[in-house]
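Values quoted throughout were computed directly from the atomic coordinates according to the rules given, and no laboratory measurement underlies them. Values in this document were obtained by computation on a predicted structure and should not be read as measured data. As a convention, Cβ positions derive from the backbone with ideal geometry for all residues, glycine included, and neighbour counts pool all protein chains shown.
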Amino acid sequence: VTDLLALVVQQSVNGIYLGCLYVMVALGLTLIYGVLNQINFAHADFVTVGAFAAFFTATRFATKALGIPDTGAYLLSLFSALGAGALLGWLVSAAVFAPLRRRGADELRPLIATIGVSVLLENGQLALFGPIPYQFDSPLARETIRLGPIFFSGQSALVVAVSVAAIVALYAFMRFTFMGKALRAVAQDRETAGLMGINENLVIALTIVIASALAGVAGAMLGPVVVLTPFTGASLIVKAFAIVIIGGFGNMEGTIIAGLLVGIIEAFTVQYLGSGLIDLVVFAMLLLMLVVRPTGLIAEHKEENV
Amino acid sequence: LTSFFTGKKGVGFLIALIVIAAAPWLLSTSYWRGILVLCAMNVLLALSLNLVMGYTGQLNLGQSAFFGIGAYVSTILIKTYGWNFWLAALAAVGAAGLVGVALAAFAVRLRGHYLAIASLGFAVITYQVLVNWESVTQGVRGMYGILPPVPNAVALFYLVAGIGLLVYFLLDNLVRSPVGDTLRAIREDEVSAAALGVNGAVWKAFAFGLGAAIAGLAGCFYPGFVGTLVPDAFGIVESFTMMAMVIVGGMGTMIGPVIGAVVLTFLPELLRGFGELRLMIYGVALTLVVIFMPGGIVQAWWGLKNKLR
């Protein structure tokens, strides 16, 4: 019995760590959807860009040029991934979302336009970095921490710590700063917020930048635990959408809960059913959710979407 | 019907016939003839998605699943059970259509982005079933040595393009009939349509079912054309490609998706000289078209014509 209990706890720990990665990716999608009512399909490709930015910072720039030791170099690379994500977010906001908004586009066109961005980013990285997977070694992934019968790597501890810190920072920003309040106001009613003197274009750009920075950091943490290719992020996008829907489109708390839930379900699916069935289980859950409770775990009062 | 033979539409069909007849002889290498077959299949797929997305206004990202269901059902019936191609194709079209009606159950309850993601999830599940149900689909190992229903690429092109022309003709009549008005009413405002006595659920099921059946029909010809059948041919990327064709050409018009399918089949081939830049240019072009030509090529052309007048 203790063995079974240990196994369940161990898989839950694995699931939470995985779920934190998903939350970092899905939160950005939710943020953008909440404020803009639009989908950024290239979001998961920002994850890949973040992963490559971190990889080159950690393995080439920091260790070779600056002579920083392994662990420090990896931690520094998290910031370069954050910067790369934020920059990319600003570019896409200015070049794609803003022109579409000026032209009064419907819900469909931003989706298609960002599919184009996604194709561009994936193949641009393919041209730059090639199809051969990169070995991104995080010094933390080599450390094993043991708590009684439960094991986890230093990397998973870092993932959980960074995710929690990011979520806390995000909530603090939304609650206590002027820009955070402006962001919530625009999410609630863009027109009225604009009439109240809020610069909505600035707020929307900022939202996309924050969302993309989160995706970049997620990439830096994901890189060492998966096979890093130009298509690493793309394999996540559909799952991230599933999480956003299960949590209730545009709802942050729902997304966090759904992300952790999907991570835990995935860990147990691997344990009991085999890794080939992960997507099947997650999407069966998504469709079930849409039939039973289309508003998601936590419902927002937006009747027109459902 | 007399007006069809004397009017502008008749001339259009005559031109289409001539273009189809001449194409394999203008592009006469086996490589380009293959591209032509692919183009004809893409036209069918774009037409099928346009019925659901363009005319009925349902955001559907799951069309690749019906393409795959058509391909797998027909091939399994032929290879495992020894059915005749046409009988198998008929069964495959029926199967795809039925699954399409089933997906419409979601469209009845969900709208906009929710439906988009639900249909995307449906496509992912279909793909995963193709990968994991190895006893029937052979999984990622795939099926080999599949023969087309006709002996060569030119005949296959004539066959698929002929079917494409027929489907175009039928759909063109459908969307101009009262049924087309009903579908457009659902697209424009479902609540008002319901107030006028339109049963939204039934007509959405009709559009999804018919669209799925046409995509399934295109799927019947795909395995014979490439000779092999693997799940990767029906990933969600296929859904995006179809959607790009519909949007670039001009959603909600009949000729738009055809133009989109032709342009987006040939554009990557013409860009082959650019090597790895090819798909990057494709991505940029898609984004630019959506931003600067929101109505697609067709509407841009109409706008240009009006300006010149």
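Below is a table of values for the structure above.
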| quantity | calculated |
| --- | --- |
| Peptide B:121-131, shielding by other chains (average Cβ, 10 Å cutoff) | 5 |
| Within a Gaussian network of chain B (alpha carbon springs, distance under 10 Å), most fluctuating of B:Thr75, B:Thr265, B:Thr228 | B:Thr228 |
| Dipole in debye (nearest 20) - the protein assembly as shown, about Cα centre, beta carbon charges: Lys, Arg +1; Asp, Glu -1 | 1100 debye |
| Charge-dipole axis of chain B as Lys and Arg at +1 and Asp and Glu at -1 on Cβ define it, positive-most pick from B:Ala71, B:Met243, B:Gln299 | B:Gln299 |
| Options A:Met196, A:Ser153, A:Ser212, ranked by Cα towards positive dipole end of the protein assembly as shown, top entry (Cβ charges) | A:Met196 |
| Cα gyration tensor category, rounded, prolate or oblate, for the range B:179-309 with a/c compared to 1.5 | oblate |
| Positive-end residue, the protein assembly as shown charge dipole about Cα centroid, Cβ charges, pick of A:Ile132, B:Gly54, A:Val238 | B:Gly54 |
| For chain A: rounded, prolate or oblate by the Cα gyration tensor [a/c cutoff 1.5] | oblate |
| Value at 222 nm in deg cm²/dmol, rounded to 500, when DSSP H runs of n ≥ 4 in chain A each add -39,500 (n - 2.57) | -23500 deg cm²/dmol |
| Ascending count of other beta-carbon atoms within 10 Å, so fewest first, for B:Trp32, B:Trp203 | B:Trp32, B:Trp203 |
| Relative exposure of A:Leu147, A:Leu170, judged by other C-beta atoms within 10 Å (fewest first) | A:Leu147, A:Leu170 |
| Potential lengthening between B:Asp232 and B:Asp181 on full extension [0.36 nm per residue; Cα-Cα distance subtracted] | 14.6 nm |
| Placed amide H near A:Asn40: partners under 5 Å, 5+ positions off or other chain | none |
| The range B:91-99 - phi-based ³J(HN,Hα) in whole Hz, Karplus 6.51/-1.76/1.60, Gly and Pro as x | 5, 5, 4, x, 5, 4, x, 5, 5 |
| 222 nm mean residue ellipticity, helices alone, for chain B (DSSP H n ≥ 4; -39,500 (n - 2.57); rounded to 500) | -25500 deg cm²/dmol |
| Alpha-carbon radius of gyration plus Dmax, which is the widest Cα pair, for the protein assembly as shown in Å | 25.2, 86 |
| Other-chain or far-sequence residues with amide H under 5 Å of A:Leu228's (modelled H) | A:Tyr134, A:Phe136 |
| Kyte-Doolittle at least 1.6, axis length at least 24 Å by Cα - qualifying DSSP helices, chain A | A:154-176, A:200-222 |
| Neighbouring partner chain Cβ atoms per residue of B:290-298, average, 10 Å criterion | 4 |
| Relative contact order computed over the range A:93-220 (Cα-Cα under 8 Å; 6+ residues apart), in percent | 16 percent |
| Check: the range B:82-202 dipole with +1 on Lys, Arg Cβ and -1 on Asp, Glu Cβ, in debye | 120 debye |
| Distance (nanometres) between label positions extended 7 Å along Cα→Cβ at A:Leu147 and B:Leu196 | 6.2 nm |
| B:Ser135, A:Ser156 arranged by Cβ crowding within 10 Å, fewest neighbours leading | B:Ser135, A:Ser156 |
| FRET efficiency, 1/(1 + (r/R0)^6) with R0 45 Å, evaluated for B:Leu277 and A:Val164 via beta carbons | 0.60 |
| Charged-residue dipole, Cβ positions (Lys, Arg, Asp, Glu), chain B about Cα centre, Debye nearest 20 | 540 debye |
